[in-house]
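Working notes, structure below.
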Protein chains: 2
Amino acid sequence: MGKEGKVLGGYTKKILRVNLSLGKIWVEEENDEFLKKYGGGYGTAGRILYDEVPPWVEPFDPENRLIFTTGPVTGTITQTAGRFTTVCKSPLSGYFGDSSCGGFWGPELKLAGYDMIVFHGRAPKPVYLWVNNEQVEIRDASAYWGMDARKVDRALKSDLGDKKIQVACIGPAGENLVRFAAVMHDEAGRAAGRLGTGAIMGHKQLKAIAVRGNKPVPVAEPDRLKELMKEISKHYAKHEEVTSFRRGGTPSYFASGWEIGDTNSYNFADENWGEYDPKAISWPGNFDKVLVGNRTCYVCAVACRRISGAGEGEYKLDEGNVEGLEYENMTMLGSNCGITDIYALNKINDLCNLYGIDTISAGGTIAFAMECYERGIISKEDTDGIDLRFGNADAEIEILRKITYREGFGNILAEGTRRAAGIIGNGAMKYAIQIKGVELAAHDPRAFQGGGPHYACTITGGRHTEGITVIWEPFKIPYPEIGIYGGLDPQTTEGKGRLAKLLEDWWCFINVGGWCLFSSDILRYIGKMTNYTDAFSAVTGLKYTVEDAMKLGERVFNLRKAFNMRHGCTREEDTLPERLLKEPNKRAGNSVVKLDETLPEYYRERGWDPNKSLPTREKLRELGLNDIADDLWGK
Amino acid sequence: MGKEGKVLGGYTKKILRVNLSLGKIWVEEENDEFLKKYGGGYGTAGRILYDEVPPWVEPFDPENRLIFTTGPVTGTITQTAGRFTTVCKSPLSGYFGDSSCGGFWGPELKLAGYDMIVFHGRAPKPVYLWVNNEQVEIRDASAYWGMDARKVDRALKSDLGDKKIQVACIGPAGENLVRFAAVMHDEAGRAAGRLGTGAIMGHKQLKAIAVRGNKPVPVAEPDRLKELMKEISKHYAKHEEVTSFRRGGTPSYFASGWEIGDTNSYNFADENWGEYDPKAISWPGNFDKVLVGNRTCYVCAVACRRISGAGEGEYKLDEGNVEGLEYENMTMLGSNCGITDIYALNKINDLCNLYGIDTISAGGTIAFAMECYERGIISKEDTDGIDLRFGNADAEIEILRKITYREGFGNILAEGTRRAAGIIGNGAMKYAIQIKGVELAAHDPRAFQGGGPHYACTITGGRHTEGITVIWEPFKIPYPEIGIYGGLDPQTTEGKGRLAKLLEDWWCFINVGGWCLFSSDILRYIGKMTNYTDAFSAVTGLKYTVEDAMKLGERVFNLRKAFNMRHGCTREEDTLPERLLKEPNKRAGNSVVKLDETLPEYYRERGWDPNKSLPTREKLRELGLNDIADDLWGK
């Protein structure tokens, strides 16, 4: 875990504990050894979840924990260090749940003096938490309950009389326990969207957490960090790839993703439902009709956030200059549902932000329902009269509202694709594009074979932020420090299990540390994984090599995996939707996911028992997780 | 599994399936081989639960199933064949949940033509199910929502215009998802009380199931069955033990249970809280002040149900001639909470019936809270001003109401002892007298060492209906057919693991078959386990020996066990509350439970891996559960 410097920096070493059932608040000191072992973020929070939430605790259970955590770089001058992560047992998967969010809330919490907040219990009535440095209060939130995510954020800033307050909150979807409700931040601009952590906030009757802090974050080697960041910023300022990403943001990926078959449409089955025209919503092109600018998160020279205007016509927003469409939203809510009207799409995206609902799972769930409707598995009678055809933007707007308020058919879809398919029956499960209950993000693993074992084995299901190898396969980015030299063929299978394992471990380190994952796509242009380990070393005082970082990532990946297996996850869950295994993707050279060929290698590389998908006792001991080895294998 | 006759009798071979989310109803035919393998009751229902409810499905989840099932003897002329069993994933334990209820509802369902009803999904608004032979309807229940269990039962009979209708329903506790809410029947007279199956009914927004049927139940050898029952009834009529049980009912056990230390007081720690006087509520004695008669269930010559008068004074009931106190109620709500006023106890018991709340878990949870209060772990501030001392009947009445309506501190206790202890923290877990989240029934295993491994390994936690060896140890009843000849010393440990295993398998057969468990305490006086296997053989046409019955019991026990292990239960859950392992029970000769000495033998006898408490692959295969072996051990 890296050699040790004198002082452990990067951490405030304080956990804020809040028992919402009893209205009690206390501060717990963190132990250096614990922090060094699990690193921060969903590493330390993950170990707390593992220890404090046994399998019999349900997601919607006062004994579930909801953790808001930061990493060691969060709130320092490190580039892209603006993130926080929510951690809980997920109501969508039933397994480990985490979600990450940019903006400014994470750094503010760190400046207030805390590495994380752990919520216990469930408030007897709606409350919010007000964290003003040492002054922490649970306050009545009845006046805010029911407000959308933008409104409550602004109302809290106004009522608390400080525009610099940072707010994390839920909209009505979280209040109504929609299983894919998001935690929203920055006036509905950023989201910890996935795995339904917003629903857990709703179950705990916690409408918002308002934070203000002004303490310095301790850094072990501040001068060294300044020097490193100066160097990196110099490259950022002029690098063509950086400036182009600032211009185009994530939507700039849509056209190239479409080209190689990575970008999906019509519930991942575009060939079945006609020729979708990607140009209708792509960038540059029609997308520019709604794009009016960009915005930054905390300490980020890229500033890739998209800002939208109000648009025009029947789908005109109530106000402009709001958070705009990103790649995942435009694909999942747009092409995946067959939507070609950019104004409608802009409206749908804004509604998701206001409702506080995950755009990826919402798009996945609605596309699933649309396919069931088109195939006659459900009828207009089931959908409360909504003509839920692909491409019907009005239907999408109406069903989104019904999901958020759990009305009629929306009450069924609010349970997410997997449960909805179970309830509907009648063969619907075949069209449920989900893994471990979590709707797939907008990356089709038929386009790159490393995506097979990766997606099948992600800890959090259909997720694109745990190490999706699309960046190494079609896009051939070299990571020479760990033996990735580029030039990989996305359709070969040999070595792809190893590829997935390597990127997962690396991204786990990035997530734990507290960086934005996009920075790993940007910083690569200035070349080195050591840019991260050097910053991590300067912040913490631990002398991290890339190998150390990979080991930390592997430890935390296996810790989260162990949580899943303790909570009933099995080998059978390591699979993909039938469609991706059997129906060829034309745009990806008529390929399917060859999981049978890649999964055995993945298990081997991971040191997991191939029959049980369980980390072996030896592997867990190698990672210093001896007590977890006893839990999983017996003493 | 017994040799086969020509026609499989005892089963209607029809499952009624009801999807409450979509309002759809269908009938599924049952397969003979399936019925023969799992027997009925929580055998067949358990297999359905195992197959249809994977680990990621939560108890409060539309994808949880709620099953109302009967056994093959249910509704025939077999003595004590009046029971039905509710099955689901339990909201109290998080594992396999079942509860059994006498009365007349089970036979009525069978007469309507169904072996069981399986509920899927969750109704969008309160409904009830009306089963009138083939005519089955989901009906609006808004007019009944909020009614107590007695009122809704009477209202449905009146509104449907037929007094012979049998109703299973929930009271307000089930509606409010109290984790130990009961399913009530027979005008709040009988309960499927344990494991919170009433809360699942509440979650599904299913207020009641009204049933009327008039079809004969098919019996393979009706003449033979008549002959057998004639013989048994003859013995019943005159046997002193039967007539005395009719007179005293279960409360007659209180005095002898107290004597040997089996009957508990003060949260299982009477020595800590003063000398409790058991005579104050015992029978004969003060108990007679509230007892006014007895009543029978379907086809039972014993008629042990207690009927209470309204009592007198401040605790007088609104009406008399209601279901009275049984042993478990008088102990758990009474002595376990230090209550000595028989009128108050009668009132508390009646309130539990009206609210639709399990008396055992309610008593256990309240006693736990009382001890926390006495010890200063919680204060009057936490209890909303209630002086929650042991013996305070008014406090018990008030906290019961608060639990039922989830008000204030009641909202925390409504989660059950285990969760409440977790929420309260501060060392409270030490006083949580629960196993696998389920409060212990009124049998103290310090009084008989077979109770140690049995209680520690029950599928449904602190349960007294899975094979509690108190009947074999202090009471020395012989079961010579399986080598139990009586004369056992309750405080030796050798052979006690085997004892527990044998009785569990036998009771599992009794439960699956559809008999009342008390009959196994009554029929023993006329001598033979073969009385059961002969009746089973006559009803089904399968030629069952005692060995066959034990094997069926063992199969079903392991099936339910497998469900638990798939859903995250571990070896660590096979334990007892610290108090029972460490604090001597004076009335039981200063003994503690010597679990370390008995558990290894139990695992050996069961064929379970002692490090994991997991049935071995070989044991599962021996029982014909090969696919489950693959699930638990990998392919």
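The values are calculated or read from the model by the stated rules, or taken from the named source; none is laboratory data. Owing to the predicted nature of the structure, the values given are computational and were not obtained by experimental measurement. With ideal geometry, Cβ positions are generated from the backbone for all residues, glycine too; neighbour counts draw on all protein chains shown. Side chains are part of the model used for accessible areas, which takes the heavy atoms of the whole protein and leaves out ligands, DNA and RNA. Shrake-Rupley method; radii C 1.70, N 1.55, O 1.52, S 1.80 Å.
Within 10 Å of the Cβ of each residue in A:48-61, the mean number of Cβ atoms contributed by other protein chains is 5. Equivalent ellipsoid of the range B:1-67: semi-axes from √(5λ) of the C-alpha gyration tensor, largest first, are 27, 15, 7 Å.
Can you give me the Cα centroid spacing of the range B:401-440 and the range B:81-117 in angstrom? Comparing the Cα centres of the range B:401-440 and the range B:81-117, I get a distance of 26 Å.
With label points set 7 Å from Cα along Cα→Cβ, the inter-copy distances at A:R247 are 10.0 nm, sorted shortest first.
Ordering B:I399, B:G39, B:N264 by Cα displacement along the dipole of the protein assembly as shown toward the positive end leaves B:G39 in first place; charges were set at the Cβ atoms of Lys, Arg (+1) and Asp, Glu (-1). Taking the Cα centre of the range B:72-154 as reference, the dipole from Cβ charges on Lys and Arg (+1) and Asp and Glu (-1) amounts to some 240 debye.
Amide H contacts under 5 Å for B:Y479: B:I484, B:Y485, B:G486, restricted to partners 5 or more places along the chain or on a different chain, H placed in the peptide plane at 1.01 Å from N. Loop-located trypsin sites (Lys or Arg not before Pro) in the range A:106-168 (DSSP state not H, G, I, E or B) with no more than 16 neighbouring Cβ atoms inside 10 Å: A:K163, A:K164.
Taking every residue in A:92-101 and counting other chain Cβ atoms within 10 Å of its Cβ, the average works out to 1.
Solvent-accessible area per residue in chain B equals 30 Å², computed with a 1.4 angstrom probe and all protein chains kept.
Packing, as the average of other Cβ atoms within 10 Å across residues, places the peptides A:311-323, B:454-466, B:276-288 in the order B:454-466, B:276-288, A:311-323, highest first. Along each principal axis, taking the top coordinate minus the bottom one, the Cα set of the range A:288-447 gives 50, 35, 27 Å in descending order. Projecting 7 Å from Cα along the Cα-to-Cβ direction, the label point of A:D384 sits 3.3 nm from its equivalents in the other copies, listed shortest first. Equivalent-ellipsoid semi-axes for the range A:14-212 (Cα gyration tensor, √(5λ), whole Å, largest first): 22, 20, 16.
Put simply, the C-alpha atoms of the protein assembly as shown give a gyration tensor, and the ellipsoid matching it has half-axes of 55, 32, 29 Å, longest first.
If each Cα of the range B:291-379 is one equal point scatterer, what is log10 of I(q)/I(0) from the Debye formula at q = 0.12, 0.17, 0.18 Å⁻¹? Each listed q corresponds, in turn, to -0.41, -0.74, -0.81.
Buried between B and A is an accessible area of approximately 3300 Å², summed over both sides with a 1.4 Å probe. Take the alpha-carbon positions of the range B:108-253, form their convex hull, and give its projected area averaged over all directions (one quarter of the hull surface) in nm². Convex hull of Cα atoms, orientation-averaged projection: 11.1 nm². Seen from all directions on average, the range B:445-633 presents a Cα convex hull projection of 10.7 nm².
Across every pair of different alpha-carbon atoms, what Kirkwood hydrodynamic radius in Å does chain A reach? Averaging 1/r across every pair of different Cα atoms and inverting gives 24.1 Å. Please work out the C-alpha center-to-center distance from the range B:452-520 to the range B:48-66 and express it in whole Å. Computed from Cα coordinates, the inter-centre distance equals 30 Å. Residues A:T331, B:T570, sorted by accessible area with the largest first, give B:T570, A:T331 [1.4 Å probe; ligands and nucleic acids excluded].
Between amide H atoms placed 1.01 Å from N, distances below 5 Å from B:V438 occur with B:G462, all of them 5 or more places distant or on a separate chain. Can you list the residues of the range B:8-30 that have at least 10 square angstrom less accessible area with all protein chains present than in their chain by itself, probe 1.4 Å? The answer is B:N19, B:S21, B:L22, B:K24. For the segment B:560-566, counting C-beta atoms of other chains within 10 Å of every residue's C-beta and taking the mean gives 1. Most tightly packed first, judged by the mean number of other beta-carbon atoms within 10 Å of their residues, the peptides B:380-386, B:92-98, A:126-132 read B:92-98, A:126-132, B:380-386. Only helices enter the 222 nm calculation for the protein assembly as shown: every DSSP H run of n ≥ 4 contributes -39,500 (n - 2.57), and dividing by all residues gives -11000 deg cm²/dmol, rounded to 500.
In this structure, the pairs whose alpha-carbon distance is over 22 Å, taken from A:K37/A:K501; B:K316/B:K380; B:K24/B:K204; A:K347/A:K430; B:K37/B:K619, are B:K316/B:K380; A:K347/A:K430.
Placing a label point 7 Å from the Cα of A:E259 along the Cα-to-Cβ direction, the distances to the matching points in the other copies come to 9.1 nm, shortest first.
Share of the protein assembly as shown's accessible area from carbon and sulfur, percent, 1.4 Å?
49 percent
For B:T12, the amide hydrogen comes within under 5 Å of the amide hydrogens of B:D115, counting only partners 5 or more places away or on other chains and with H modelled in the peptide plane.
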